[in-house]
Amino acid sequence: MSEELNLGLDQKFKEGDIVKGVAAKVEDKAVTVTIEGAPFDGIVPISELSSLHIEKASDLVSVGDEMQLIITKVEEENYVLSKRKVDALHAWDKLEQQFASGEIFEAEVKDVVKGGLVVDLGVRGFVPASLVEDYFVEDFNDYKGKTLSFKITELDKEKNRLILSHRAVVENEKASKKLSVLERIQEGDVIKGKVQRLANFGAFVDIGGVDGLVHISQVSHEHVEDITSVLSEGQDVTVKVLSVDPGNERISLSIKETLPGPWSTIEEKASKGAVLEGKVQRLVPFGAFIEVFPGIEGLVHISQISHKHVNTPHEVLKEGQEVQVKVLEVNAAEKRLSLSIKELQENPNAVEEIDYELPEENVGFSMGDVIGDKLKDFGNK
């Protein structure tokens with residue numbers, strides 16, 4: 001009778017059966033569970049509790065917890081069970097649907113390992129480092145415990161392989177935002193942005209889902225040699241849209257166009273007749289351009305370089321030379337400044353003005369002298 005009972009029980013609970021177990025005892029490396037209707041308890045090894053690595057069984061299970069388990073082995077007065085495999089059976093069906101539809105879902109990062117992140121979706125999901133973000137990440141430790149959105153990029157149930165990507169989600173979101181921004185913004189718009197990256201030739205600024213380029217020449221009214229001296233990554237800036245090319249997804253921006261120009265106060269700083277220090281920036285056949293203030297150049301016409309005849313400005317000036325100039329004319333509206341060098345030089349050809357005065361001489365005569373002489377002649381007759 002006893003053998004018949006045991007045989008019947010063995011037939012009821014066999015390998016592959018899915019049963020409900022209740023945690024009766026939790027040890028470091030295993031959990032003892034009771035199975036309703038079973039003649040004896042079962043054991044769930046720590047490796048069969050989760051698809052992820054755990055240090056102690058108590059990290060995942062407490063006494064009294066109910067679990068769905070699958071019998072993996074029937075031993076004498078003992079069952080070996082797995083929670084991990086039951087979870088995987090349920091998970092694969094859902095994951096295959098999500099993979100086929102391209103569904104985006106959220107999940108918590110359970111662990112950070114060499115080469116990427118680990119996510120528990122009933123099966124172990126792996127996120128390679130290259131698929132975490134769309135930029136280089138130095139240290140992934142801060143990602144543990146974070147909830148991120150993912151998309152399945154590779155699934156192989158037979159090999160128990162599940163590859164996820166957060167980067168794909170980020171790129172999709174950015175592409176959508178970029179399209180929206182490109183359709184919305186127009187040349188001349190003044191908008192807020194944040195500096196994303198710095199390069200030798202300029203700065204890439206995020207203006208709400210799309211990056212635009214501020215060329216180094218558009219950063220400041222003053223000459224900028226090193227862009228890191230005036231901008232930093234993460235800095236909030238105001239920019240003006242110079243041009244939009246939706247086809248090539250290019251946006252040209254300017255920071256200096258949103259700043260007061262150097263010409264706005266030129267009439268105060270360089271009034272007519274003022275004497276200024278400047279530096280020769282460029283020499284051209286008709287004169288020399290002199291920088292008198294950052295971003296402000298004035299023209300010394302060739303006729304205003306010297307009192308002597310000058311064939312070409314190169315005869316008397318060179319680029320980089322510091323000179324003194326006198327302001328002849330200021331036109332802030334047209335951004336024109338006329339300057340002179342010769343006005344501050346002595347003219348060697350000028351005729352010296354001398355005030356000549358004749359010495360006083362007694363060259364006059366009186367009527368008495370004339371009459372007296374005549375009377376004298378009359379008396380002698």
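Some observations on this one:
- Of PRO246, PRO313, PRO285, the residue with the greatest mean-square motion in the GNM of the chain, using alpha carbon springs below 10 Å, is PRO285.
- Based on Cα contacts under 8 Å between residues 6+ apart, region 17-82 shows a relative contact order of 38 percent.
- Fluctuation leader among ASP59, ASP111, ASP189 - the chain, Gaussian network, Cα springs under 10 angstrom: ASP59
- For a straight C-alpha distance cut-off of 17 angstrom, the lysines reachable from LYS256 (same-chain residues fewer than eight places away being disregarded) are LYS192, LYS194, LYS240, LYS335.
- Computed from Cα positions, the angle between helix 2-12 and the longest principal axis of the chain comes to roughly 30 degrees.
- Sequence-ordered 3J(HN,Hα) estimates for region 236-248 from the Karplus curve with 6.51, -1.76 and 1.60 and θ = phi - 60° stand at 7, 9, 10, 10, 10, 7, 8, 7, 10, 10, x, x, 9 Hz, glycine and proline given as x.
- (i) 27, 55, 17, 1; (ii) 18, 26, 18, 16, 11, 6, 3, 2, 1, 0, 0; (iii) 28, 59, 13, 0, with the label sought being that of the calculated P(r) over Cα pairs in 20 Å bins from 0, in percent: (ii)
- Projected label points at LYS146 and ASN347, each 7 Å from Cα along the beta carbon direction, are separated by 7.5 nanometres.
- Partner aspartates and glutamates for LYS177 [C-alpha distance under 14 Å; skip if fewer than 8 residues away on the same chain]: ASP206, ASP211, GLU249
- Region 81-138, relative contact order in percent, only Cα pairs under 8 angstrom and at least six apart counted: 27 percent
- With Cα atoms, 0 to 90° folded angle of helix 367-379 axis to the chain main axis: 10 degrees
- Cross-link pairs beyond the 23 Å C-alpha cut-off, checked among LYS25/LYS157; LYS110/LYS159; LYS29/LYS85; LYS25/LYS83; LYS29/LYS159: LYS25/LYS157; LYS29/LYS159
- Angle in degrees between helix 167-184 and the longest Cα principal axis of the chain, rounded to the nearest 10: 40 degrees
- Contact order for the chain, expressed relative to its length and based on alpha carbon pairs under 8 Å spaced 6+ residues apart, stands at 8 percent.
- All aspartates and glutamates inside 17 Å of LYS20 as judged from Cα atoms, apart from same-chain residues fewer than 8 positions distant: ASP10, GLU36, ASP41, GLU48, ASP65, GLU66, ASP87
- Cβ-based exposure ranking for TRP92, TRP263, in which fewest neighbours within 10 Å come first: TRP92, TRP263
Read the figures in this text as sums done on the coordinates, not as results from a lab. Note that this is a predicted model, so its numbers are computed, not measured. Using ideal geometry, Cβ is built from the backbone for each residue, glycine included, and neighbour counts are taken over all protein chains shown.
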